[in-house]
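Here's the structure we're looking at; comments come further down.
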Amino acid sequence: MSSEVSNNYEQDAVLRASIDRSLRHPVMFFLTSGAAWLAVSIILGVISSAKVHSPGFLDGCGWLTYGRTQAAHLNALIYGWGFQAAFGVIVWMLSRLSRQECRASGIILTAGHVWNLGVSVGIFGILAGYGTGMPWMEFPSFCWPVLLLSYFAIVVWSLVQFKVRPEGHVYISQWYLMAAMIWFPWVFITANILLHVIPGNPVMAAGINAWYKSSLIFLFFTPVALGTAFYLVPKVSGRPIYSYSLAQFGFWALAVIMPWAGMQKLTGAPIPYFIPYLGAAATIMFFLPAFSAAVNILRTAIADPEVVNNSPTLRFTMAGIIGLIVMAAASVFLNIPGKTLEFAQFSMSGYGFEILSIYGFFSFVMFGAIYFIVPRVTRREWLSRRLIKWHFFPSVYGVAIIALIAIFGGIQQGIGQEEFAQSWSEVAKRAVPYAWAITIVWCFILLSNFFFFMHLTVMWLRLGRRSTHPTMLVSGHHGSPHGDDGDIDNCGPGTASAH
């Protein structure tokens, strides 16, 4: 019996190694180019924030006005960093969970270059003044078909692998990732056709644009992050998910409730009265899937707090889950009709919520996945615990400060906007101290991400250290028996190992 178990373990290890080897180039391309776009986004964020409190900053360059740099900042964050990090994680995780080598890595890598080309043209188009003016859709209208085709070329192979996988349990991670892969083209095609191909009433166009932004957050970035967290926490800790039925409840709550969110941004617009309040109610109810998933993941992780404290993967992932809890609380706070909804509608509070969602939640889970995946596809370990800490602490404190300052500063800005006796210049001055703080904090986050990008580039060049133990944040500690090199690919109901 022991020899049979040993043979199965060896065969499984060989299969995992072959899967990792087949995905090395596309995965590392997505993660490294995404990290580069993250740095570009932060630089643009520094410039746009500085423009708020110092309008004369770089005023000699027409490409760097506030309207252009702010739009380029968010689009680089979303399409340059967010989607590429998601692509790298999705193709690796679904190959692992489907137990299939990737036989189309060249096609995926080529499609990744096309995606980067589309993003680059889009960012330059925004900075050159050819943006559409639609938040999160500012790329010139000819860019979206390029992004859509490259998206299909990247993800279709993961769908094929899922289809031909060996018969067995479908894990909650696969539920979330497959749903995100299917929901995104529905949202992307619908919004772009209604806005670019058959445009209609401008008021409804604004509503569709608001729905698109909300859907990207709740129906793509959120399920990708949750699917990743549901994979990483049992994998590293070596423990089953706390409650599989609770995980299923969180998934279906997300799927049923969140497509209705987004239209609350049109409160007071000449549209049917109930639509904005339906969107506000759906956004408030985000706390149901968010808290069910967060409690499930946290209860799984705290069974071994020492591993959480010492594993970079779990430390970043837990920070992201805490960000999810704060994001759910902000969803309630910012969308109370008659209270905060009107104040947050046209202020920097929306920006704070977007940064909290994309960076404070999604990005931290992606960072955790990167610290887990990269050593496997490069067959090297991270060089420095210190560089990982320099990445972690400035990012955590920085994003928390930016989100809170923008949300509460936006409420103060919104209160000023409702005081009609005040001049608009007086209202604008309310944002100045908050913008100063945001500019300074983005600079610290930029420095931490410089270390992250350099560390990741070194790993892509396979210059990382050779080691039989994963990189931990405490010297001499190698984690649980499974550690970061465990053989668990996911946890199903009542099991500690999927295979």
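The values are calculated or read from the model by the stated rules, or taken from the named source; none is laboratory data. As the structure is a computational prediction, the values presented were derived from the model and not from experiment. With ideal geometry, Cβ positions are generated from the backbone for all residues, glycine too; neighbour counts draw on all protein chains shown.
At-a-glance table
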{"quantity": "Unique residue being surrounded by fewer than 22 Cβ atoms within 10 Å (Cβ to Cβ), of a type in the set (A, V, I, L, M, F, W, C), on the phi < 0 side of the Ramachandran plot and touching a residue at least 12 places away in the same chain (Cβ under 8 Å) when the list is Ala247, Ala205, Ala261", "calculated": "Ala205"}
{"quantity": "Number of positions in the stretch 35-66 that are without any contact (Cβ under 8 Å) to a residue 60 or more places away in the chain and outside any loop (DSSP other than H, G, I, E, B)", "calculated": "6"}
{"quantity": "The stretch 393-434: number of residues that are of a type in the set (D, E, K, R) and within 20 Å of Arg315 (Cβ to Cβ)", "calculated": "0"}
{"quantity": "Condition check for Met181: touching a residue at least 40 places away in the same chain (Cβ under 8 Å), surrounded by 19 or more Cβ atoms within 10 Å (Cβ to Cβ) and in a loop (DSSP other than H, G, I, E, B)", "calculated": "no"}
{"quantity": "Count of residues meeting criterion [touching a helix residue (DSSP H, G or I) at 6+ places or on another chain (Cβ under 8 Å) and not in a helix (DSSP H, G or I)] in the stretch 184-218", "calculated": "2"}
{"quantity": "Criterion violated by Trp252 - all others in (1) over 20 Å from Ala85 (Cβ atoms); (2) touching a residue at least 60 places away in the same chain (Cβ under 8 Å); (3) among the hydrophobic types (A, V, I, L, M, F, W, C); (4) surrounded by fewer than 24 Cβ atoms within 10 Å (Cβ to Cβ) satisfied", "calculated": "(2)"}
{"quantity": "Any hit, the stretch 451-463, residues being over 24 Å from Lys339 (Cα atoms) and basic (Lys, Arg)", "calculated": "yes"}
{"quantity": "Residue match in the stretch 331-342 (condition: more than 30 Å from Gly207 (Cβ to Cβ) and buried (at least 21 other Cβ atoms within 10 Å of the Cβ))", "calculated": "no"}
{"quantity": "Thr222, sole failed condition from (1) in contact with a helix residue (DSSP H, G or I) (Cβ under 6 Å, 6 or more places away or on another chain); (2) among the hydroxyl-bearing types (Ser, Thr, Tyr); (3) modelled with pLDDT of 90 or more", "calculated": "(1)"}
{"quantity": "Residues satisfying the stated conditions in the stretch 105-136, i.e. in a loop (DSSP other than H, G, I, E, B) and either buried (at least 20 other Cβ atoms within 10 Å of the Cβ) or under 20 Å from the mean Cα position of the chain (by Cα) (or both)", "calculated": "Gly131, Met134, Pro135, Trp136"}
{"quantity": "Trp81 in contact with a Phe, Trp or Tyr (Cβ under 7 Å, 6 or more places away or on another chain) and part of a loop (DSSP other than H, G, I, E, B)", "calculated": "no"}
{"quantity": "Breaking point among (1) surrounded by 15 or more Cβ atoms within 10 Å (Cβ to Cβ); (2) under 19 Å from Pro312 (Cβ atoms); (3) at pLDDT below 90; (4) not polar (S, T, N, Q), for Ile445", "calculated": "(3)"}
{"quantity": "Residues of the stretch 137-149 satisfying the condition of being assigned to a helix (DSSP H, G or I), within 21 Å of the chain's Cα centre (by Cα) and crowded, with 22+ Cβ neighbours inside 10 Å", "calculated": "Trp144"}
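Yes/no per residue for (1) buried (at least 24 other Cβ atoms within 10 Å of the Cβ); (2) under 23 Å from Leu254 (Cα atoms); (3) among the hydrophobic types (A, V, I, L, M, F, W, C); (4) modelled with pLDDT of 90 or more:
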site: Asp304; (1), (2), (3), (4): no, no, no, no
site: Val308; (1), (2), (3), (4): no, no, yes, no
site: Thr313; (1), (2), (3), (4): yes, no, no, yes
site: Ala319; (1), (2), (3), (4): no, yes, yes, yes
site: Val326; (1), (2), (3), (4): no, yes, yes, yes
site: Phe353; (1), (2), (3), (4): yes, yes, yes, yes
site: Gly360; (1), (2), (3), (4): yes, yes, no, yes
site: Ile370; (1), (2), (3), (4): yes, no, yes, yes
site: Lys389; (1), (2), (3), (4): no, no, no, yes
